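The values are calculated or read from the model by the stated rules, or taken from the named source; none is laboratory data. Nothing here was measured: the structure is a model prediction, and the numbers come from that model. Cβ placement follows ideal geometry from the backbone for every residue including glycine, while neighbour counts extend to all protein chains displayed. These area figures cover heavy atoms from the full protein model, side chains too; ligands, DNA and RNA do not enter into them. Shrake-Rupley method; radii C 1.70, N 1.55, O 1.52, S 1.80 Å.
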Amino acid sequence: MSYSYSYSSYSCSLLAASLASLAVWAGLYLLLTGRGERFNVGGYLLRLSPYMWAMYGISFCIGLSVVGAAWGIFIAGSSILGGAVRTPRIATKNLISIIFCEVVAIYGVIMAIVFSAKIQAVNSAAGFSRSDYYTGFSLFWGGLAVGLSNLICGLAVGITGSNAAVADAHDQQLFVKILVIEIFGSVIGLFGLIVGLLVTGKAEDFSGVI
């Protein structure tokens, strides 16, 4: 186990170092050949369509939320099924942990619908306005915030639900106490939903250059 962990951490470090070295060499090449102005992050961002940022944000919102819910259900469900083999009484009431995990995916679906309502078809040949870029960037970061929050929320609820099932199999009086902790863990996804609404609250619908 430790060997596989050290190998994976070494691989991630090597990949990060390779990408950093490649970026440094590319920057030095452009700088020393008199083309340093091409290294323009702001110009690169403005050349990309705000529709792309908006779609990425919506995709991250619903995709990461579903992954978090599925991961939590996998963790909690396996413990519930395993514990129910020895103690069948825990199978029914511990299904509330599965419901809490599924709510995480529902959060992502709801926010994706809210975000997609701001996307309107415009004539891209005439260009995009400043508000269009603001909307695209805000939908991207808002969707990413919601998706990551729901991903962590799904893991927290799944791990807590797994421990709740094991504790309930040992002593049924512990179930309610751990359930309180699980409820607080599920609120993390609601916090992410609120943050996403705050980030995109002032974003207007796509209008194009008028």
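Would you be able to say whether some residue in segment 150-160 is more than 30 Å from residue 178 (Cβ to Cβ), out of contact with any strand residue (DSSP E or B) (no Cβ under 7 Å at 6 or more places or on another chain) and open to solvent by 10 Å² or more (accessible area, probe 1.4 Å)? Looking through segment 150-160, none of the residues is more than 30 Å from residue 178 (Cβ to Cβ), out of contact with any strand residue (DSSP E or B) (no Cβ under 7 Å at 6 or more places or on another chain) and open to solvent by 10 Å² or more (accessible area, probe 1.4 Å). Residue 113 meets the conditions (1) within 15 Å of the chain's Cα centre (by Cα); (2) modelled with pLDDT of 90 or more in every case but one. The failed one is (1).
The rows are residues; the columns are (1) among the small types (Gly, Ala, Ser); (2) over 12 Å from residue 61 (Cβ atoms); (3) without any contact (Cβ under 8 Å) to a residue 60 or more places away in the chain.
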residue: 115; (1), (2), (3): no, no, no
residue: 118; (1), (2), (3): no, yes, no
residue: 132; (1), (2), (3): no, yes, no
residue: 151; (1), (2), (3): no, no, no
residue: 157; (1), (2), (3): no, yes, no
residue: 175; (1), (2), (3): no, yes, no
residue: 180; (1), (2), (3): no, yes, yes
residue: 196; (1), (2), (3): yes, no, no
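Restricting attention to segment 189-210, the residues that are among the aliphatic types (A, V, I, L, M) and surrounded by 18 or more Cβ atoms within 10 Å (Cβ to Cβ) total 3.
In segment 29-50, of all residues being open to solvent by 60 Å² or more (accessible area, probe 1.4 Å), assigned to a helix (DSSP H, G or I) and more than 27 Å from residue 141 (Cα to Cα), the one that is modelled with the lowest pLDDT corresponds to 37. Quick check, is residue 104 β-branched (Val, Ile, Thr), buried (at least 24 other Cβ atoms within 10 Å of the Cβ) and closer than 14 Å to residue 63 by Cα? Against the criterion (β-branched (Val, Ile, Thr), buried (at least 24 other Cβ atoms within 10 Å of the Cβ) and closer than 14 Å to residue 63 by Cα), residue 104 qualifies. Which one of these does residue 135 not meet: (1) surrounded by fewer than 15 Cβ atoms within 10 Å (Cβ to Cβ); (2) of a type outside the set (A, V, I, L, M, F, W, C); (3) at pLDDT 85 or above? (1) is the only condition that residue 135 fails.
Do we find a residue being modelled with pLDDT of 85 or more and under 22 Å from residue 196 (Cα atoms) anywhere in segment 84-101? Checked against the condition, which is being modelled with pLDDT of 85 or more and under 22 Å from residue 196 (Cα atoms), segment 84-101 yields at least one hit. Does segment 165-178 contain any residue that is crowded, with 24+ Cβ neighbours inside 10 Å, in contact with a Gly (Cβ under 7 Å, 6 or more places away or on another chain) and closer than 17 Å to residue 70 by Cβ? Looking through segment 165-178, none of the residues is crowded, with 24+ Cβ neighbours inside 10 Å, in contact with a Gly (Cβ under 7 Å, 6 or more places away or on another chain) and closer than 17 Å to residue 70 by Cβ.
Every condition in (1) part of a helix (DSSP H, G or I); (2) free of Cβ contacts under 8 Å to residues at least 60 places away in the same chain is met by residue 88 except one, and the failing one is (1).
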